[in-house]
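Worksheet for the structure shown next.
The values are calculated or read from the model by the stated rules, or taken from the named source; none is laboratory data. If you're wondering where the values come from, they're calculated on a predicted model, not measured in any experiment. Cβ atoms come from the backbone with ideal geometry, glycine included; neighbour counts cover every protein chain shown.
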């Protein structure tokens with residue numbers, strides 16, 4: 001029990017952090033926001049999956065990936081393919097030249113459903129694909145890079161190139177992927193209308209639950225021997241390698257876990273927003289996702305969630321209030337965080353939050369009874385001192 005308490009919850013301070021985040025996401029937001037804003041928060045939380053994965057990959061593993069949007073997009077496209085096939089039944093698409101296929105395929109003169117789309121008629125296969133396809137892609141990339149000891153800035157450049165290539169590929173294959181518009185007009189999930197307010201509320205709680213599951217799994221990794229090895233590899237990789245550990249395999253593993261987290265976030269984004277497009281796959285969204293982790297604190301799983309919420313709330317507020325200046329305001333926010341909070345929001349909590357918790361949780365000392373208190377020694381009188389001095393002279 002104690003081992004699970006320490007590994008999953010992170011001890012007392014970790015439990016308090018989880019409870020605070022849980023109250024915020026599961027109580028305050030649902031009760032205080034209308035359904036539109038709550039759905040917006042759900043979209044933000046889907047990005048938080050990527051930020052949590054980056055804490056494992058970048059913060060502890062030292063692997064800065066600037067292409068996490070690739071895995072986010074792949075997971076989102078897998079879910080969107082299933083939803084689009086369900087929305088493209090022969091009755092709903094009877095006005096098309098070829099009923100029963102997605103509308104963008106009909107616009108591109110495709111007369112039959114492509115082979116790669118066929119398995120996505122099954123929801124079970126879709127869930128498996130959301131988890132397996134991005135993880136397999138990360139495995140291939142990781143084996144190709146880490147086994148050849150490609151790391152640091154070179155790995156970041158390679159992941160950027162992969163994000164650009166995939167984005168161009170999706171846009172170019174318009175008949176298969178919907179092109180620049182993406183896959184849109186998603187309506188139901190196994191006959192359940194995901195556009196209603198009640199469905200959006202349920203999907204929000206499912207999203208939050210999956211996010212907490214990923215946080216707990218990430219915390220289990222970090223509190224295990226693997227977590228200690230990741231930190232050792234980040235600081236002294238050669239020393240770990242000379243100790244007999246296969247550094248490349250550990251890097252591949254944590255990179256795959258981060259990719260799987262990102263894919264889950266992409267799938268939940270598609271369900272809550274109702275579309276998926278290549279604009280979430282390229283270089284720019286991937287860099288933004290790194291900023292989420294940096295603002296929250298790249299060494300804190302919970303901080304990554306807060307960083308994601310803060311940055312996206314800032315984007316929404318500034319773009320609504322100052323439509324011409326919001327980019328400059330966001331840039332100022334990032335500069336301020338880097339200059340004054342180099343460890344992100346988690347660093348602020350480490351300095352101030354824990355101090356407050358310790359202050360309020362400290363038990364006051366009980367007052368001692370009068371009989372127990374030691375009595376102060378009485379000060380000698382000047383007369384006594386003089387008598388003692390006279391006696392001393394007489395004895396001489």
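Worth pointing out:
- For residue 112, the criteria (1) in a helix (DSSP H, G or I); (2) free of Cβ contacts under 8 Å to residues at least 40 places away in the same chain hold in every case but one, which is (1).
- Total residues in region 114-139, condition closer than 16 Å to residue 174 by Cβ and crowded, with 16+ Cβ neighbours inside 10 Å: 1
- Residue count, region 188-205 (criterion: closer than 19 Å to residue 77 by Cα and crowded, with 16+ Cβ neighbours inside 10 Å): 3
- Filter result for residue 249 (crowded, with 17+ Cβ neighbours inside 10 Å and more than 20 Å from the chain's Cα centre (by Cα)): no
- Tally, over region 136-193, of residues that are in contact with a strand residue (DSSP E or B) (Cβ under 6 Å, 6 or more places away or on another chain) and assigned to a strand (DSSP E or B): 1
- Criterion violated by residue 51 - all others in (1) surrounded by fewer than 17 Cβ atoms within 10 Å (Cβ to Cβ); (2) within 30 Å of residue 157 (Cα to Cα) satisfied: (1)
- Any hit, region 267-285, residues being closer than 21 Å to residue 343 by Cα, assigned to a helix (DSSP H, G or I), at pLDDT 90 or above and out of contact with any strand residue (DSSP E or B) (no Cβ under 7 Å at 6 or more places or on another chain): no
- Residues within region 9-20 that are touching a helix residue (DSSP H, G or I) at 6+ places or on another chain (Cβ under 8 Å) and either outside any helix (DSSP H, G or I) or closer than 13 Å to residue 212 by Cα (or both), tallied: 6
- Residue ranges of helices (runs of 4 or more DSSP H) in region 292-368 with at least 1 members modelled with pLDDT of 70 or more and touching a helix residue (DSSP H, G or I) at 6+ places or on another chain (Cβ under 8 Å): 301-321, 326-340, 344-348
- Count of residues meeting criterion [surrounded by 15 or more Cβ atoms within 10 Å (Cβ to Cβ) and farther than 18 Å from residue 51 by Cα] in region 216-225: 1
- A search for C-beta distances below 9 Å between a residue of region 15-38 that is touching a residue at least 60 places away in the same chain (Cβ under 8 Å) and any residue that is assigned to a loop (DSSP other than H, G, I, E, B), counting only pairs 6+ apart in sequence or on different chains, returns 17/10; 17/300; 18/10.
- Verdict on residue 244 being free of Cβ contacts under 8 Å to residues at least 24 places away in the same chain, surrounded by fewer than 23 Cβ atoms within 10 Å (Cβ to Cβ), on the phi > 0 side of the Ramachandran plot and out of contact with any strand residue (DSSP E or B) (no Cβ under 8 Å at 6 or more places or on another chain): yes
- Qualifying residue in region 71-92 (condition: free of Cβ contacts under 8 Å to residues at least 12 places away in the same chain and either within 30 Å of residue 294 (Cα to Cα) or surrounded by 14 or more Cβ atoms within 10 Å (Cβ to Cβ) (or both)): yes
- Restricting region 194-224 to residues that are in a loop (DSSP other than H, G, I, E, B) and out of contact with any helix residue (DSSP H, G or I) (no Cβ under 9 Å at 6 or more places or on another chain), the residue that is nearest to residue 57 (Cα to Cα): 195
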